[in-house]
Amino acid sequence: MSGSQAQDSACSLEKPSKDVVVTETKPKKRICCACPDTKKLRDECIVKHGESACTKWIEAHLLCLRSEGFKV
C-alpha cells in the first residue's frame, strides 16, 4: 500500500476511526469540592428556610457547577 492510499483511508469521513477522542470539558475537581462559596450559601439557606425558599441559591450553585464542567 502506498503512502497516499494509507493517508486516504485514514482520513475517510465515511467511517470514523474508533480512536477518535471527543474533547469535552471535564471537571478538574470532584463535585463535592467545586464551588464552595455557592455551596455554603445554598446549604445555609436550606437549613434556615427550607428548600422551597432557596431556589435562587440552588440555581446559582448548579450554574457554578456547570461552569466547572459538571453535567447537573
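The values are calculated or read from the model by the stated rules, or taken from the named source; none is laboratory data. From a predicted model like this one, the values you see are computed outputs, not experimental measurements. For neighbour counting, all protein chains shown are included, and Cβ atoms are generated from backbone atoms with ideal geometry for every residue, glycine included. Heads up: the accessible areas ignore ligands, DNA and RNA and are worked out on the full protein's heavy atoms, side chains in. Shrake-Rupley method; radii C 1.70, N 1.55, O 1.52, S 1.80 Å.
At-a-glance table
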read-out	value
Single unsatisfied condition, Ile46 versus (1) of a type outside the set (Phe, Trp, Tyr); (2) on the phi < 0 side of the Ramachandran plot; (3) out of contact with any Phe, Trp or Tyr (no Cβ under 9 Å at 6 or more places or on another chain)	(3)
Residues being over 16 Å from Ser67 (Cβ atoms) and surrounded by 11 or more Cβ atoms within 10 Å (Cβ to Cβ) - total across the range 31-40	1
Residues of the range 47-72 satisfying the condition of being open to solvent by less than 90 Å² (accessible area, probe 1.4 Å), part of a helix (DSSP H, G or I) and not small (Gly, Ala, Ser)	Thr55, Trp57, Ile58, His61, Leu62, Cys64, Leu65
Every pair of residues 6+ apart whose Cβ atoms lie under 9 Å, when the first sits in the range 30-46 and is assigned to a helix (DSSP H, G or I) while the second is loosely packed, with under 15 Cβ neighbours inside 10 Å and of a type outside the set (Lys, Arg)	Thr38/Leu63; Lys39/Cys32; Cys45/Glu51; Cys45/Ala53; Ile46/Ala53
Any chance Val20 is at pLDDT below 50, more than 17 Å from Lys71 (Cα to Cα) and out of contact with any His (no Cβ under 9 Å at 6 or more places or on another chain)	yes
